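FYI, it's all coordinate maths here, none of it is from the lab. Source: prediction; values computed, not measured. With ideal geometry, Cβ positions are generated from the backbone for all residues, glycine too; neighbour counts draw on all protein chains shown.
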Amino acid sequence: MLMKTQEKQFSRKSAPERSARMVETIYGCKWSLTVYRLLANGINRPGEMVRTVEGLSTKVLNECLRKNLSFGILERITYNEVPLRVEYKVTPFGAKFLSVLEEIEKLESEFETD
């Protein structure tokens, strides 16, 4: 008896590697969400961020900012002043990423209501 071989129409779907790693890294950094809230409220200078948030150290903030810069979520703006002034802002890509995080938070709230 001959069997017709049926062509497979679908291949295995994998998770988007880079964006999944980015979400995992940002959620793994307990300060990133706080930094986004600070930026949304106009607090964009590192010294002011540290002074505004209890428990946030300069070392930890710099590590958090470095992660966000490496993913292109935040942009660092350096002003040629004495003393040097540095500010951070969300990039256009970062704004898209933050909207994804908002959707994840909405899903989480749906779990909590069940």
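Please compare each pair in Lys13/Lys96; Lys30/Lys96; Lys13/Lys89 to a cut-off of 32 Å on the Cα-Cα distance and tell me which ones are over it.
The pairs that break the limit, which is 32 Å between Cα atoms, are Lys13/Lys89.
Helix 92-113 sits at what angle to the longest principal axis of the chain, using alpha carbons and giving 0 to 90 degrees rounded to 10?
For 92-113 against the chain, the angle is about 70 degrees.
Evaluate the Debye formula for the chain with equal point scatterers sitting on the alpha carbons, no solvent, and hand back log10 of I(q)/I(0) at q = 0.16, 0.17 Å⁻¹, in q order, two decimals.
Each listed q corresponds, in turn, to -0.82, -0.90.
Using a 10 Å cut-off on Cβ atoms, rank the peptides 75-86, 27-38 from the highest mean neighbour count down.
Listed from highest to lowest mean packing, they are 27-38, 75-86.
Please state the charge dipole magnitude for region 19-107, taken about the Cα centre, from unit charges on C-beta atoms (+1 on K and R, -1 on D and E), reported in debye and rounded to the nearest 20.
Dipole about the Cα centre, nearest 20: 160 debye.
Among Phe10, Gly28, Tyr88, whose Cα sits farthest toward the positive end of the charge dipole of region 1-91 (+1 at Cβ of Lys/Arg, -1 at Cβ of Asp/Glu, about the Cα centre)?
Phe10
How about region 1-72: which GluC sites (Glu not before Pro) there lie in a loop by DSSP and see at most 15 other Cβ atoms within 10 Å?
Glu7, Glu54
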